[in-house]
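No lab work stands behind these numbers, since they all come straight from the coordinates. Everything numeric in this text was worked out from a predicted model, so none of it was measured. Here the Cβ is made from the backbone with ideal geometry for all residues, glycine too, and neighbour counts use every protein chain on show.
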Protein chains: 2
Amino acid sequence: MRRPPVISLTTSPNRRISPVKRPDMVNGMQCRSRSARTGRPRSAAADAAILAATRTALVELGWSKLTLGYVATLAGVAKTTLYRRWAGKNELVVDAVAELFDELELPDRGSLAADIEGVVLQFAAILDRPEAKTALMAVVAESTRDEPLRERIRTSIVDRQKRLVLEGRARAQARGELPPESDPADADRTAALIFDVVAGAVVHRTLVSAEPADEEWVRSFTRILLVGLTGAAADAAQ
Amino acid sequence: MRRPPVISLTTSPNRRISPVKRPDMVNGMQCRSRSARTGRPRSAAADAAILAATRTALVELGWSKLTLGYVATLAGVAKTTLYRRWAGKNELVVDAVAELFDELELPDRGSLAADIEGVVLQFAAILDRPEAKTALMAVVAESTRDEPLRERIRTSIVDRQKRLVLEGRARAQARGELPPESDPADADRTAALIFDVVAGAVVHRTLVSAEPADEEWVRSFTRILLVGLTGAAADAAQ
DNA sequence: CAGTTACGCTACGACTCGTAGCGAAAGCTC
DNA sequence: GAGCTTTCGCTACGAGTCGTAGCGTAACTG
């Protein structure tokens, strides 16, 4: 069962939001003189191995049966090391799943419709992975009673998706497909609405209806959304 | 801690889908001669007390910290009784939450827009309850690795919501707000799509974005959806 | 070199899980 | 009523997980 231990020649950890639990950090600021970090540094390879092991364990066991002890064994790391870096299962899984969303991009496909279809298909492909399926909803469920966890999800997963909406709209406005916004507050509200509609629809299709968000579905969805957006914008402009 | 024990003068259990685990039942059909159920009947009051206690425990503890032992104590019932009726935490919570959706209805408000707004607001009100928030996403997450559980969710929660979509469309077609469907297969696909968009958007808004689906939001959402539907339908009709 | 921090390992009490076994209670049929 | 059947409450149990403490060692800094 025990996998080959991680090669331990390492340096420099803390890629994303530092995995919590650094006694010398307060509010994200280092207390001691900048980078006066003495002592043995944390193994960055261990970080990577733990997050990868977490995803493997999610596929094998699912969320509820996943134990930190098993993840540690899988990563070739002591259980105590895991607890030194993450506060618990929730935080660990959020970081492990967040990496899946690193690949989300918004290539310019020339039209708003094509841009939407492209990003929705990317999002659907990520959600199609078993580790994302079982983990995403679970941590969201936990976050309803855990404000810091919700914040962690927001910054490391949700906001990155939301940025794509803003970028796509800016492009469409530059192309003349959408009218420029007059009221900035109203623009924010609309962007948030569109984000909830897009992300919510894909998630619901994939996880609740348990059917694939394939090209045909994405085309239908995009058409309705696009007609709704341009039509509603035209209404408002009158 | 121990609540007053359930009044035990009872009869006739099995309101919804019989809570599982009846050794004399196979595939939902009784094996012995019809209704030859001899012996002491299960307490229906205990069923109700258990489901209510489950919701209370969800509010107090959330999904992950909820234990069947605590639910049993809260309901004034032995833990073994609980295990005799439900296979586990997942099934119990699905039944407990499903009752929340009993109140979903679709009163005729005279127009498609008003009908959509009404049902979305109802759905949002249910999702606003803490027990629904923490439980719904959790069981959906579990269902990604548990086909029977997914089926249970589908029949006792999802399908009931979906029926409202079909009913709303039929009304709108009767009013002439939407064109009648020609291809029945295409009609099914469109209904499923709309359902995913509506339910997904509300869930995402409430749980992921963690902001209320209030009247203003619902109005904006309905406008986009309605324009998208009627516009796209008009496009297709050409 | 001394000082500091991270790591692997072992062990621990506390808790939950799901089940088994028992006697008593609550229905039904004859 | 007697007799049968099933449920109920209760206790007890082994198995497994949790999160932490303590220790000796490894890695890096000045």
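Taken one residue at a time, the phi angles of region B:79-91 give Karplus couplings (6.51, -1.76, 1.60, θ = phi - 60°) of 4, 5, 4, 4, 5, 6, 9, 10, 5, x, 4, 4, 4 Hz. Gly and Pro are set to x.
For region A:129-197, just say rounded, prolate or oblate: build the C-alpha gyration tensor, square-root its eigenvalues into a ≥ b ≥ c, call rounded for a/c under 1.5, and beyond that prolate if a/b exceeds b/c, oblate if not. It comes out prolate by the Cα gyration axes.
A simple rule links phi to the HN-Hα coupling: the Karplus curve 6.51 cos²θ - 1.76 cosθ + 1.60 with θ = phi - 60°, which for region B:129-134 gives 5, x, 5, 6, 3, 6 Hz, with x for Gly and Pro.
Each Lys or Arg adds one and each Asp or Glu subtracts one; over the other residues with Cβ under 14 Å from the Cβ of B:Arg175, this totals -1. Annotation: the residues A:Ser220, B:Ser111, sorted from fewest to most other C-beta atoms within 10 Å of their own C-beta, follow the order B:Ser111, A:Ser220. Normalised by residue number, the volume inside the convex hull of the Cα atoms of region A:99-237 is 115 Å³ per residue. Is region B:29-128 rounded, prolate or oblate when judged by the Cα gyration tensor, a ≥ b ≥ c being the square roots of its eigenvalues, rounded requiring a/c under 1.5 and prolate requiring a/b larger than b/c? Here region B:29-128 falls in the oblate category.
For the segment B:205-213, counting C-beta atoms of other chains within 10 Å of every residue's C-beta and taking the mean gives 6. Placing a pseudo-label 7 Å from each Cα along the Cα-to-Cβ vector at B:Glu147 and A:Asp108 gives an inter-label distance of 4.7 nm. Value of Rg to Rh for region A:169-238, rounded to two decimals, is 1.03; Kirkwood radius and Rg both from alpha-carbon coordinates.
Each other copy holds its own label point for B:Pro184; taking that point as 7 Å from Cα along Cα to Cβ, the gaps run 5.5 nm, nearest first.
Projecting label points 7 angstrom from Cα along Cα→Cβ for B:Arg154 and A:Ala125 puts them 2.8 nm apart. In terms of its C-alpha gyration tensor, region A:96-154 has a prolate overall shape, because the principal axis ratio a/c (a ≥ b ≥ c, square roots of the eigenvalues) is not below 1.5 and a/b outweighs b/c. Highest mean packing first, where packing is the average number of other Cβ atoms within 10 Å per residue, the peptides A:64-72, A:200-208 line up as A:200-208, A:64-72. Counting only other chain Cβ atoms within 10 Å of each residue's Cβ, the peptide B:144-157 averages 3.
For region A:136-237, the relative contact order comes to 18 percent (Cα pairs under 8 Å, sequence separation of at least 6). Placing a label point 7 Å from the Cα of A:Glu216 along the Cα-to-Cβ direction, the distances to the matching points in the other copies come to 4.1 nm, shortest first.
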